[in-house]
1. Hey, what do the phi angles of segment 10-19 turn into as Karplus ³J(HN,Hα) couplings, whole Hz, using 6.51/-1.76/1.60 and θ = phi - 60°, x for Gly and Pro?
2. Over the Cα atoms of segment 1-42, Rg to Rh with Kirkwood Rh, two decimal places?
3. Which FRET efficiency value, to the nearest 0.05, is calculated for Thr22 and Arg84 with the Förster distance at 35 angstrom and r the Cβ-Cβ distance?
Amino acid sequence: MSGRRAFTSGMVTNLLNPKMVTFTIAFLPQFVDPRLGQVWLQFAILGTILILLEFVVDGTVGVLAGRIGGWLRHRHAVASASRREACSSASACGWPSTADPG
């Protein structure tokens, strides 16, 4: 999957996530004070901050998951190569040879 497609898929998933919508509707209003100015502007600022924080956290998780996944794939490839090297012949690993008649 390309990076652009993964980003678009993640964005659509978050926008359509009912838990996120419910959290935002329940969480943001408690920080809005009509006495401090325009309510819509306060919502816009708080929403922007929330989105930026989510981007940082989700981005960090994505980058770390990618790096850990790459590291695990590398370790698996090294371990597989070591096993193949150690078992260069079927009999060395205790497997019956296909050439054995019986």
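Values quoted throughout were computed directly from the atomic coordinates according to the rules given, and no laboratory measurement underlies them. Since the model is a prediction, treat every value here as computed from it, not as a measurement. Cβ: placed from backbone, ideal geometry, glycine included. Neighbour counts: every protein chain shown.
1. So the Karplus estimates, Gly and Pro as x, are x, 5, 5, 4, 5, 5, 9, 7, x, 5 Hz.
2. Result for segment 1-42 is an Rg/Rh of 1.22.
3. Efficiency computed from Cβ-Cβ geometry: 0.10.
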